[in-house]
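Colleague: First the structure, which I've put down as structure tokens, then a few questions once you've had a look.
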Amino acid sequence: MPDLTLRERRPDDLAVEWRWSHAEVDPEWKLWDGPYFHTQHKTQSLTLAEFMERAAHKPPSSNRKIIALDDVCIGLVTRSEEAPEGGGWWELGIVIYDPAYWGGGLGTRALTLWTATTFAETDAHVITLTTWGGNERMVRAAERAGYRECARIPEARAWNGRRWDSVKLASLHPESH
Ligand SMILES: CC(C)(COP(=O)(O)OP(=O)(O)OC[C@H]1O[C@@H](n2cnc3c(N)ncnc32)[C@H](O)[C@@H]1OP(=O)(O)O)[C@@H](O)C(=O)NCCC(=O)NCCS
């Protein structure tokens with residue numbers, strides 16, 4: 001089984017990130033990752049040099065890790081703390097760029113690792129993930145990683161000619177069970 005790790009971003013990851021964020025026309029991952037946002041805020045298209053220049057000025061953050069398959073970047077995980085600071089509630093995000101890697105268990109593995117890392121590195125008591133009713137892969141992967149649906153806002157998102165539920169899933173700190 002290929003080795004899946006979460007690690008710091010390295011300079012050689014930037015070309016992969018740039019390809020999937022700027023070079024590919026209408027990449028499929030954007031149809032799944034909050035597509036209702038992508039329609040309104042078109043990402044400014046950057047050249048690789050511009051992308052690298054911007055990245056060089058961004059300070060490293062412990063709230064963002066590269067998903068690496070046999071050490072090669074295939075996506076990323078993020079986290080942010082819900083206000084108020086120190087309140088014990090964190091929200092995670094995940095994307096695997098290339099559809100060729102979807103549906104084979106990698107998302108579940110990355111999410112399981114990122115959840116454990118977040119519980120270990122932060123004061124999180126509860127971690128949430130937010131997606132939409134059409135993203136069955138995300139919902140299923142989150143459930144496999146120990147999350148349970150905790151909120152559903154009916155028909156909150158307009159996308160692709162119809163309305164979809166916004167879905168939130170939660171995982172409580174293992175010691176709270
Ligand atoms: C969401 C994402 C991270 C999940 O990772 P993944 O590697 O595809 O997920 P996994 O293979 O671990 O799990 C997917 C589950 O959905 C099931 N599944 C696969 N294809 C499916 C499909 N077309 N429809 C419904 N379920 C599907 C799989 O069988 C699996 O369930 P199982 O473990 O019970 O068999 C990944 O698909 C991705 O990055 N998608 C694009 C960006 C995105 O949607 N990000 C999340 C935004 S909230």
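Values in this text are rule-based calculations from the coordinates and carry no lab data. Being a predicted model, the structure only gives us computed values, none of them experimental. Here the Cβ is made from the backbone with ideal geometry for all residues, glycine too, and neighbour counts use every protein chain on show.
Colleague: Stick to the Cα atoms of the chain, pair each with every other, and give me the Kirkwood hydrodynamic radius in Å at one decimal.
Modeller: Details: mean 1/r = 0.0581 Å⁻¹.
The Cα-based Kirkwood calculation yields 17.2 Å.
Colleague: Same structure, new question: Where the only charges are on Cβ atoms (+1 Lys, Arg; -1 Asp, Glu), what is the dipole of segment 4-176 about its Cα centre, to the nearest 20 debye?
Modeller: 360
Colleague: Can you work out the Karplus-derived ³J(HN,Hα) for every residue in segment 112-122? Use 6.51 cos²θ - 1.76 cosθ + 1.60 with θ = phi - 60°, whole Hz, and x for glycine or proline.
Modeller: Result, ordered by residue: 4, 5, 5, 5, 5, 4, 5, 5, 6, 9, 10 Hz.
Colleague: Between residue 57 and residue 85, what is the label-point separation in nm under the 7 Å Cα-to-beta-carbon projection?
Modeller: Between residue 85 and residue 57, the label points sit 2.4 nm apart.
Colleague: Follow-up question, since we're still on this one. Run the simple label-point estimate for residue 23 and residue 152 please: 7 Å along Cα→C-beta, distance reported in nm.
Modeller: Distance between the two pseudo-spin positions: 4.1 nm.
Colleague: In deg cm²/dmol, rounded to 500, what helix-only [θ] at 222 nm does the chain give when every DSSP H run of at least 4 residues adds -39500 (n - 2.57) and the total is split over its residues?
Modeller: Estimated from H runs of four or more residues: -7000 deg cm²/dmol.
Colleague: Which whole-number percent is the relative contact order of the chain (Cα, under 8 Å, 6+ apart)?
Modeller: Numbers: 258 pairs, mean separation 35.1, N = 177.
Relative contact order, the chain: 20 percent.
Colleague: Also: Once you charge only the Cβ atoms, +1 for Lys and Arg and -1 for Asp and Glu, what is the size of the charge dipole of segment 1-80 about its Cα centre, to the nearest 20 debye?
Modeller: In total the dipole reaches around 400 debye.
Colleague: Roughly how many whole Å is it from the C-alpha centroid of segment 42-114 to that of segment 1-37?
Modeller: Rounded to whole Å, the Cα centres lie 8 Å apart.
Colleague: So, one more: Mind checking the dipole of segment 129-177: about its Cα centre, +1 per Lys or Arg Cβ, -1 per Asp or Glu Cβ, Debye to the nearest 20?
Modeller: In total the dipole reaches around 200 debye.
Colleague: Right, here's the next one. With springs connecting C-alpha atoms under 10 Å apart, model the chain as a Gaussian network and identify which of 125, 57, 38 has the largest mean-square fluctuation.
Modeller: Result: 57 has the largest fluctuation of those listed.
Colleague: Let me ask another. Could you please report the charge total around residue 1, scoring K, R as +1 and D, E as -1 over all other residues with beta-carbon less than 14 angstrom from its beta-carbon?
Modeller: Spelling it out: positives minus negatives among the neighbours equals -1.
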